[in-house]
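Q: Below is a structure I'd like to ask you about.
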Amino acid sequence: MRTSLPGRVRRGLATLLTGALAAGLAVGGVVAPAQAAAADVQGGSATWNFKDSWTGYVGGSGTITPPLEGGQSVYPSASGAMDLQTAVGDVRFGGSVHYSAHGGVLDVTVSDLRLAVTSPGVGVLTADFVSSGTTSDDVKVATCR
Ligand code: HEM
């Protein structure tokens, strides 16, 4: 994890992300002003596959757009707000990843990746899924603690 957050927040996020990393999530480049008690989060990205075997399955016979970087998808443009004392806050990531295979029968898009830190060291990772026109918003994909 790369970040320019103050030490306490960085450690809080690092603890939380130990859980997130078990779900394959890596967050880099998230920036917040050093002196503020609560800060807007801006910039940065998340590198994440919601399931590696799925990525291998679709990538083997279909297409993943945008292409993987180093074997994973990158969700750019982090935004949100975070309490710098507790690391409680909410970070959303932009971008979307489209999976297509079997001549379009498999048609899945993942977007709106969101890491919500609800209390120090506890958080939930959610994402929106669209599969062949059916939308499922804010699906919980991992609990981090
Ligand atoms: C013509 C249509 C389809 C065919 C012939 C097909 C075929 C297959 C085959 C052969 C596997 C096993 C791959 C392996 O273990 O190496 C598989 C796995 C899978 N398929 Fe499909 N599939 C089709 C459509 C879909 C659709 C529409 C979805 C969901 C939107 C889907 C979701 C999955 C998932 C989640 C797995 C397991 C991937 C993993 O290992 O994580 N498939 N499919």
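Q: Would you kindly state how much longer the chain becomes between residue 111 and residue 138 on full extension, computed as 0.36 nm times their sequence separation minus their alpha carbon distance, in nm to one decimal?
A: Numbers: separation 27, 0.36 × 27 = 9.72 nm, distance 0.94 nm.
Between residue 111 and residue 138, full extension yields an extra 8.8 nm.
Q: Something else about it: Using modelled amide H (1.01 Å from N, peptide plane; none on Pro or chain starts), what sits under 5 Å from the amide H of residue 138, excluding residues fewer than 5 places away?
A: Those lying under 5 Å, H to H, from residue 138 are 127, 128, 129.
Q: Along its principal axes, what span do the Cα atoms of region 95-143 show, with the longest given first and each in whole Å?
A: Rounded to whole Å, the extents work out to 45, 16, 15 Å.
Q: Give me the net charge for the shell around residue 126: Cβ to Cβ below 12 angstrom, other residues only, Lys and Arg +1, Asp and Glu -1.
A: Overall, the nearby charge balance is -2.
Every number in this text was worked out from the coordinates using simple rules, so none of it is lab data. In this text, all values refer to a predicted model and were calculated from it rather than measured experimentally. Positions of Cβ are generated from backbone atoms using ideal geometry, with glycine treated the same way; all protein chains shown enter the neighbour counts.
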